[in-house]
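Q: Sharing a structure, written as structure tokens. Questions coming.
The values are calculated or read from the model by the stated rules, or taken from the named source; none is laboratory data. Just so we're clear, the structure is a prediction, and the values are computed from it rather than from any experiment. When we count neighbours, we look across all protein chains shown, and the Cβ atoms used for this are built from the backbone with ideal geometry, even at glycine. Ligands, DNA and RNA are stripped out before the accessible areas are found, and what is left, the full protein with its side chains, is counted by its heavy atoms. Shrake-Rupley method; radii C 1.70, N 1.55, O 1.52, S 1.80 Å.
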Amino acid sequence: MATMETSASSASNHEALANSRRTRNSWLLSLPAVLLLLIGASGPLLVLLVCSFLEPGDYGGVIWKPGIEAWFKTIFSDGIGGDAIQLADAHLLIFWRSVKVSLLTVLVTFALGFPTAYFIATRPRPQRTVWLFLITIPFWSSLLIRTIAILEMIRGEGVINTLAIWIGFIDQPMQMLHTEGAVLLGMAYVYLPLMVLPLHASIERFDFRLLEAGYDLYANRWQVFRRIVLPLAGPGIVAGSILVFVSSLGAYVTPRVLGGDESAMIASLIGYQFSQAENWPLGAALAILLLAAVAIVLVIFIRTLCAERADDR
Amino acid sequence: MAGKQPATAIEARGISKVFGSGQNETRALDDVSMQIRPNEFFTLLGPSGCGKTTLLRMVAGFEVPNSGAVFLGDEDITGTPPNRRPVNTVFQNHALFPHLSVARNVAFGLEMLGKPRKEISDTVARMLALVRMEQFANQATNQISKSQKLRVALARALAPRPEALLLDEPLIALDHKLRKEMQLELKRLQAETGIAFVFATQDQQEALTMSDRIAVMNAGHMIQIGSPEDIYSRPSGRFVASFIGESNFFEGTVQSVKGDVADIRMPSGHIVTARLGAAKPEGSVTFAVRPEHVRLEQFGVAGTMPAKVTQAVYSGTDTHCHLELDGGERLVARLQNAASGGPAYDKGMRAGVRFDEGAAHVLAD
Ligand SMILES: Nc1ncnc2c1ncn2[C@@H]1O[C@H](COP(=O)(O)OP(=O)(O)O)[C@@H](O)[C@H]1O
Ligand SMILES: [Mg+2]
């Protein structure tokens, strides 16, 4: 009896020990990734934060002298004389344009992506794989090359203008490059898959019999879409919108190439502060501001969506 | 009650439906007709794949027939889309909207019809009370049990007061006890609302106990339509006689006809008097006798057919006696068990077999 008991308790001891070891081991396993994330994400963020509270060096870099001038300059600019304080119109304009173009990109990719995702999700399974594969093809080439391809289409002597003049629609090339429209076109093209893939994932899980139930209960096509399809696709819409919005707001290459200086977006502005303007603290402050803006938008978006769902109940 | 009620709520006239083409062609419905009266409990009864769902979907508007027409009262609605037919469906899987609460599910049809808010909330409350789900109004539909889901689906489909309610095997997922309970519940709902119910099932017992009329279907054909009593005691053919309840089948030749009964000579030489019904009274025929209409008596009693018990299966309320007549025919007798004592007959015993008067029924095919 006694020996059995000890062996039993030692067995459970063993198990507890093994359990705790397993937990510890799994932590150890994730350690490299966690370290990488800490160093890769928090490290630079910390550097930026510190940097934004220092003074700019004459030729880039920072001087180790604390100050909040950079933060001040994100929104205000000294007047020409040095005493009048004004809003930094250029910055605000670029901020506003960035948010506007990003939201429009979300709208455009949703308008194009939803029918596409719906179409793919309603194909027979083997076909679906092929369509999804086709959707991801643009991801295979570099972002820069794809953007330059669009540049080739819309620039002054580009494909579209040449063709339109040749046909006789216009005599002078249209200014398409370096407009907000050009940036929108490029971003919608580049980020469309980011909208289609999550949408497809949520539409694919649909119980299409629910749509029949909707029609049976006197809903027309639009009502079925608005009252059943959209709410059920909710998670996919949120995921797709967030992915596209966040990517657009921080986009650098596409706005740089297609928007130029005339339609610059916030990432270009940040880049400009770190390079030509040689004002690192201001660049850092702007970067943190961008990050905060993204975070706020995400929270608002998720909040309203949750509220709407609760409303529907 | 000034308005004249039309004689039929729903009518299907000569409906045929073919799915697929060439090699994969399935004839789901073949020249099917039925007339459903207002305020009746009408059951489509048939084995899986016989076309019940297809017929209901045709009435609901989800399928278009290859030929034939669907009428609502006097109006041809064959081409009308589902959202413009005053007919609602309780789907087999209930198809409740997962993003809406119980009450919002029930309100859905009324909202789509653009009813005023007040009327919607009143009707929803009334419907939830009708199906006894008042206290679940604000629950999510994934937090309620299967039979509660069915109740919600019923309330949702009844709320707009359709001309007919279509129910596609709604009880199939329930266990025996809940099933019995919901059968009574459905009967009650039908009686209280006065709406015609068209109920599809594979369960003959369910059909017999619930229906005002039953339509027996097989392989896309409408086999027989009639009251439960009609279907059970006057089956038109072999399929109905064996699908609904159990039957003993015998071959025989007609000897003489007197009115609507005929004397039929079995191969073993015995003469049996059988009801003719719609059958042609000549030549060789098949007739059916229900096991509960077979009586056993002492071997040798006058007027009985000598037989041997080949097997006796006890099943609680009664014993199924498998018998072989001396002429070679086999049959089953269902004998109610007495309050005391063991089974009266056992394997190997000899007995005299007699059919109750009017038990034998000649089949049309
Ligand atoms: N959409 C469809 N495509 C092809 N065949 C179908 C389709 N719907 C039903 N069928 C066929 O039609 C026949 C009747 O089906 P159904 O109406 O579902 O029968 P039940 O509901 O009585 O089980 C079956 O053979 C079935 O395979
Ligand atoms: Mg079915």
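Q: Mean 1/r over all different Cα pairs, inverted: what Kirkwood radius does chain A give, in Å? Write out the running numbers ahead of the final one.
A: Values: mean 1/r = 0.0417 Å⁻¹.
Kirkwood radius, chain A: 24.0 Å.
Q: Still on this model: For segment B:280-365, which whole-number percentage of the solvent-accessible area (1.4 Å probe, protein heavy atoms only) is attributable to carbon and sulfur atoms?
A: Values: 2230 of 4620 Å².
Carbon and sulfur atoms account for 48 percent of the accessible area of segment B:280-365.
Q: Just counting partner chain Cβ atoms within 10 Å, what average do the residues of peptide B:93-99 show around their Cβ? Each step should come with its number before you reach the end.
A: Working: counts 4, 2, 9, 2, 10, 5, 10.
Mean number of neighbouring Cβ atoms from other chains: 6.
Q: Run a plain Debye calculation on segment A:18-153 (Cα atoms as equal point scatterers, no solvent) and give log10 I(q)/I(0) at q = 0.13, 0.21 Å⁻¹, rounded to two decimals, same order as the q list.
A: Here log10 of I(q) over I(0) equals -1.03, -1.22.
Q: For segment A:216-264, just list the percent of Cα-Cα distances falling in each 10 Å bin from zero outward, please.
A: Taking every Cα pair in segment A:216-264, the percentages come to 22, 27, 20, 20, 9, 2.
Q: Out of all DSSP beta bridges with both ends in the protein assembly as shown, state the antiparallel percent to the nearest 5. Each step should come with its number before you reach the end.
A: Numbers: 67 of 87 bridges.
Antiparallel bridges make up about 75 percent of those DSSP assigns within the protein assembly as shown.
Q: Across 20 Å bins from the origin, how do the percents of Cα pairs in chain B run, short distances first?
A: It works out to 25, 46, 25, 4, in whole percents.
Q: If you count, for every residue in B:80-87, the Cβ atoms of partner chains within 10 Å of its Cβ, what is the mean?
A: On the way: counts 0, 3, 8, 10, 3, 3, 1, 1.
Other-chain Cβ atoms within 10 Å of each residue's Cβ, averaged: 4.
Q: Taking amide hydrogens as modeled 1.01 Å from N in the peptide plane, which residues meet the under 5 Å criterion relative to B:Ala196, leaving out close sequence neighbours?
A: Here B:Asn39, B:Glu40, B:Leu165 satisfy the definition.
Q: For chain B, give the share of DSSP beta bridges that are antiparallel, in percent and rounded to the nearest 5; count only bridges with both residues there. Intermediate values should be presented prior to the final figure.
A: Details: 61 of 80 bridges.
Within chain B, antiparallel bridges account for around 75 percent of the total.
Q: Which of the trypsin sites (Lys or Arg not before Pro) found in segment A:173-247 are in a DSSP loop and have at most 12 neighbouring Cβ atoms, other than their own, within 10 Å?
A: Working: sites: A:Arg205, A:Arg209, A:Arg221, A:Arg226, A:Arg227; in loops: A:Arg205.
Filter output for segment A:173-247: A:Arg205.
Q: Compute the helix-to-body angle for B:176-193: its Cα long axis versus the longest principal axis of chain B, expressed 0 to 90° and rounded to tens.
A: It works out to around 60 degrees.
Q: Considering chain A as a Gaussian network with a 10 Å cut-off on Cα pairs, which listed residue, A:Pro281, A:Pro126, A:Pro173, attains the greatest mean-square fluctuation?
A: Judging by the Gaussian network model, the answer is A:Pro126.
Q: Charges on Cβ only, +1 for Lys and Arg, -1 for Asp and Glu, centred on the Cα centroid of segment A:89-312; of A:Ile160, A:Thr109, A:Leu143, which one is farthest towards the dipole's positive end?
A: Sorting the options by dipole projection puts first A:Thr109.
Q: Can I ask one more? Using a cut-off of 13 Å between beta-carbons, work out the net charge of the residues near A:Asn279 (Lys and Arg +1, Asp and Glu -1, A:Asn279 not included).
A: Details: positive: A:Lys73; negative: A:Glu55, A:Asp58, A:Glu69, A:Glu278.
Neighbour charge sum, excluding A:Asn279 itself: -3.
Q: Which is the longest run of chain A containing none of the GluC sites (Glu not before Pro) found in DSSP loop states (not H, G, I, E, B) with at most 13 other C-beta atoms within 10 Å?
A: Working: sites that count: A:Glu157, A:Glu262.
Longest gap between qualifying sites, sites excluded: A:1-156.
Q: Okay, next question. Divide by every residue of chain A the summed helix terms, -39500 (n - 2.57) for each DSSP H run of at least 4, and state the resulting mean residue ellipticity at 222 nm, rounded to the nearest 500 deg cm²/dmol.
A: -23000 deg cm²/dmol
Q: Restricting things to alpha carbons, find the Rg to Rh ratio for the protein assembly as shown using the Kirkwood radius for Rh. All intermediate terms of the calculation are to be shown ahead of the outcome.
A: Numbers: Rg = 38.9 Å, Rh = 32.9 Å.
Here the Rg-to-Rh quotient is 1.18.
Q: Using the Cα centre of the protein assembly as shown as the reference point, and only Cβ charges (+1 on K/R, -1 on D/E), how large is the resulting charge dipole? Debye, rounded to the nearest 20.
A: Values: 61 positive and 62 negative charges, 168 e Å.
Here the protein assembly as shown has a charge dipole of around 800 debye.
Q: Where does helix B:117-130 land angle-wise versus the long Cα axis of chain B, in degrees 0 to 90, nearest 10?
A: Approximately 30 degrees, to the nearest ten.
Q: Still on this model: In peptide A:216-228, what is the residue-averaged number of other protein chain Cβ atoms found within 10 Å of each Cβ? Intermediate results must be reported in sequence, preceding the final value.
A: Working: counts 19, 18, 15, 7, 4, 2, 0, 4, 2, 0, 0, 7, 5.
The per-residue average across the peptide is 6.
Q: Of B:Thr89, B:Thr26, B:Thr201, which is the most mobile in a GNM of chain B whose springs link Cα atoms less than 10 angstrom apart?
A: Maximum fluctuation in the GNM of chain B, among the listed residues, is at B:Thr26.
Q: Where the only charges are on Cβ atoms (+1 Lys, Arg; -1 Asp, Glu), what is the dipole of segment B:10-238 about its Cα centre, to the nearest 20 debye? Before the final figure, lay out each step's value.
A: Working: 27 positive and 25 negative charges, 129 e Å.
It comes to approximately 620 debye.
Q: Exactly which trypsin sites (Lys or Arg not before Pro) in segment B:1-98 are in a DSSP loop and have at most 10 other Cβ atoms within 10 Å?
A: Working: sites: B:Lys4, B:Arg13, B:Lys17, B:Arg27, B:Lys52, B:Arg57, B:Arg84; in loops: B:Lys4.
For trypsin sites (Lys or Arg not before Pro) across segment B:1-98 that sit outside H, G, I, E and B with at most 10 neighbouring Cβ atoms in 10 Å, the list reads B:Lys4.
Q: Once phi is turned into ³J(HN,Hα) by the Karplus curve 6.51 cos²θ - 1.76 cosθ + 1.60 with θ = phi - 60°, what whole-Hz value does each residue of segment B:312-327 show in order, with x for glycine and proline?
A: For segment B:312-327, the Karplus curve yields 10, 10, 7, 9, x, 5, 8, 10, 8, 9, 8, 10, 10, 5, 4, x Hz.
Q: Determine the dipole magnitude for segment B:224-365: charges of +1 sit on the beta-carbon of Lys and Arg, -1 on that of Asp and Glu, nothing else is charged, the reference point is the Cα centre, and the result goes in debye to the nearest 20.
A: Details: 14 positive and 17 negative charges, 36 e Å.
Magnitude of the dipole: close to 180 debye.
Q: So who's got an amide H within less than 5 Å of the one on B:Ser33, skipping anything under 5 residues away but keeping other chains? H placed 1.01 Å off N, in plane.
A: Excluding prolines and chain starts, which carry no amide H, the hits are B:Gly14, B:Ile15, B:Met222.
Q: Further question on the same structure: Mean 1/r over all different Cα pairs, inverted: what Kirkwood radius does segment B:246-362 give, in Å? Each step should come with its number before you reach the end.
A: Details: mean 1/r = 0.0683 Å⁻¹.
So the Kirkwood estimate lands at 14.6 Å.
Q: Sticking with this one: Cβ under 11 Å from A:Leu211's Cβ, A:Leu211 left aside: what net charge do those residues give with Lys, Arg +1 and Asp, Glu -1? Before the final figure, lay out the partial values.
A: Working: positive: A:Arg209, A:Arg221, A:Arg227; negative: A:Asp207, A:Glu212, A:Asp216.
Summing Lys and Arg as +1 and Asp and Glu as -1 gives 0.
Q: Same structure again: Can you run phi through the Karplus equation (6.51, -1.76, 1.60; θ = phi - 60°) for segment B:153-160 and list ³J(HN,Hα) in whole Hz, with x for Gly and Pro?
A: 4, 5, 4, 5, 7, 8, 3, x
Q: Would you kindly derive the ³J(HN,Hα) couplings of segment B:228-242 from the backbone phi angles with the Karplus curve 6.51 cos²θ - 1.76 cosθ + 1.60 (θ = phi - 60°), listing them in order in whole Hz, with x for Gly and Pro?
A: Rounded to whole hertz, the list is x, 5, 4, 4, 7, 9, 10, x, 6, x, 4, 4, 5, 4, 9.
Q: Peptides A:163-171, A:236-244, B:319-327: what's the order by average Cβ count within 10 Å, highest mean first? Please report the intermediate quantities before stating the final value.
A: Values: A:163-171: 10.0, A:236-244: 22.0, B:319-327: 18.0.
So the peptides A:163-171, A:236-244, B:319-327, ranked by packing, come out A:236-244, B:319-327, A:163-171.
Q: Please identify, among A:Ala70, A:Ala41, A:Ala111, the residue showing maximal mean-square fluctuation in a Gaussian network model of chain A using a 10 angstrom Cα cutoff.
A: A:Ala41
Q: Same structure, new question: Give me the 1.4 Å probe accessible area per residue for segment A:89-312, excluding ligands and nucleic acids, in Å². List each step's numbers first, then the result.
A: Working: 11290 Å² over 224 residues.
Value for segment A:89-312: 50 Å² per residue.
Q: Can you give me the span-like helices of chain A, meaning DSSP H runs with 27 Å or more of Cα extent along the axis and Kyte-Doolittle mean at or above 1.0? Mind showing how you got there, number by number?
A: On the way: long enough: A:2-37 (52 Å, -0.03); A:89-121 (46 Å, 1.33); A:180-204 (34 Å, 1.26); A:280-312 (48 Å, 1.63).
Flagged H segments are A:89-121, A:180-204, A:280-312.
Q: Around A:Gly57, what is the net charge, scoring Lys/Arg as +1 and Asp/Glu as -1 over all other residues with Cβ under 12 Å from its Cβ? Let's see the in-between values first.
A: On the way: positive: A:Lys65; negative: A:Glu55, A:Asp58, A:Glu278.
Around A:Gly57, the charge tally is -2.
Q: Separate question: Please list, ordered by chain and number, the residues whose modelled amide H lies under 5 Å from the amide H of B:Leu44; skip anything fewer than 5 residues away on the same chain.
A: B:Phe199, B:Ala200, B:Thr201, B:Ala215
Q: Now, a different point. Mind checking how much accessible area B and A bury in total, 1.4 Å probe, in Å² rounded to 100?
A: On the way: alone 17850 and 19640 Å², together 35220 Å².
Summed over both sides, the interface buries about 2300 Å².
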